[in-house]
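In what follows, a single structure is set out as structure tokens and then discussed.
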Amino acid sequence: NYLDKETNKVVSKQVVQTVEYHRTAIVDKVTGELLGYDTDNDGQADLTVEEADNAWASDDNKWKEVSSPDLSSRGFGSPSMLSVNQENTKFDDQDKEVNIYYSHALATVTPDNPGTPGSPINPEDPDGPKWPEGTDKASLSKTITRTINYLD
């Protein structure tokens, strides 16, 4: 999950990875009794019912590495994790959720770069945040004067 650190709202599409485990049960056709599990695809029970946990198999028993997206063009800083590492799984693992948090990038507003109130902070994202009112040159600069009078 890719979340805004301040609001906890989703900021990018969620990535879901699934690992599927399977096992082949051997059942007596006449009695319906579970005889065991076939692990080598020969149609014979290789493992007993008591060994059922050892019968689980997967074609790919790992969650792959996932790189976190770069959201800097949308005004976000670096993610809390640049990537989520590859991880091997076992049949009895539980679902896992990983949250990646993005902080807000900051814009420096100076008298030389005051922005234009009401226009997008990031010109590439016209629907993104706007420069707030009061960020004009007059609100960011102040002139003070000292007058020295010499009397004759």
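How large is the Kirkwood hydrodynamic radius of segment 36-105, in angstrom, based on all distinct alpha carbon pairs?
15.6
Identify the GluC sites (Glu not before Pro) of segment 50-129 meeting these criteria: DSSP loop state and at most 14 other C-beta atoms within 10 Å of the C-beta.
When the GluC sites (Glu not before Pro) of segment 50-129 are filtered for loop state and at most 14 Cβ neighbours within 10 Å, GLU65, GLU97, GLU124 remain.
Could you give the dipole magnitude of segment 8-87 about its Cα centre, charging the beta-carbon of Lys and Arg +1 and that of Asp and Glu -1, in debye to the nearest 20?
Around 980 debye, computed over segment 8-87.
Taking the Cα centre of segment 92-142 as the origin and placing charges on Cβ (Lys, Arg +1; Asp, Glu -1), which of GLY118, ILE100, LEU140 is farthest toward the positive end of the dipole?
LEU140
Set the bar at 24 Å for Cα to Cα. Now go through LYS5/LYS96; LYS5/LYS62; LYS9/LYS62 and name every pair that lies beyond it.
Check vs 24 Å cut-off fails for LYS5/LYS62; LYS9/LYS62.
Net charge near PHE76: determine it from the other residues with C-beta under 12 Å of the C-beta of PHE76, scoring Lys and Arg +1 and Asp and Glu -1.
So the environment of PHE76 carries a net charge of -1.
Please list, or write none, the aspartates and glutamates whose alpha carbon is within less than 16 Å of the alpha carbon of LYS90, excluding same-chain residues fewer than 8 places away.
Excluding near neighbours in sequence, the set is GLU20, GLU51, ASP53, ASP59, ASP60.
May I ask you to derive the relative contact order of segment 8-152, considering only C-alpha pairs under 8 Å and at least 6 residues apart, and to give it as an integer percent?
15
Over the chain, with the other protein chains present, what is the accessible area per residue in square angstrom, probe 1.4 angstrom?
Here the residues of the chain average 78 Å² of exposed surface.
Charges only on Cβ, +1 for Lys and Arg, -1 for Asp and Glu: so what's the dipole of the chain about the Cα centre, in debye to the nearest 20?
Roughly 1460 debye, rounded to the nearest 20.
Around THR39, with a cut-off of 10 angstrom between Cβ atoms, what is the net charge of the other residues, counting Lys and Arg +1 and Asp and Glu -1?
Working: positive: ARG23; negative: ASP38, ASP40, ASP42, ASP46, GLU51.
Net local charge, THR39 excluded: -4.
Select one label from (i) 0.97; (ii) 0.94; (iii) 1.43: the one whose number is Rg/Rh (Cα atoms, Kirkwood Rh) as derived from the coordinates shown.
Only one listed value fits the structure, namely (iii).
Carbon-plus-sulfur fraction of the accessible area of segment 46-102, 1.4 Å probe, in percent?
Ligands and nucleic acids excluded, carbon and sulfur reach 43 percent.
The values are calculated or read from the model by the stated rules, or taken from the named source; none is laboratory data. All values derive from a computational prediction rather than experimental measurement. We place every Cβ from the backbone using ideal geometry, glycine too, and count neighbours over all the protein chains shown. Side chains are part of the model used for accessible areas, which takes the heavy atoms of the whole protein and leaves out ligands, DNA and RNA. Shrake-Rupley method; radii C 1.70, N 1.55, O 1.52, S 1.80 Å.
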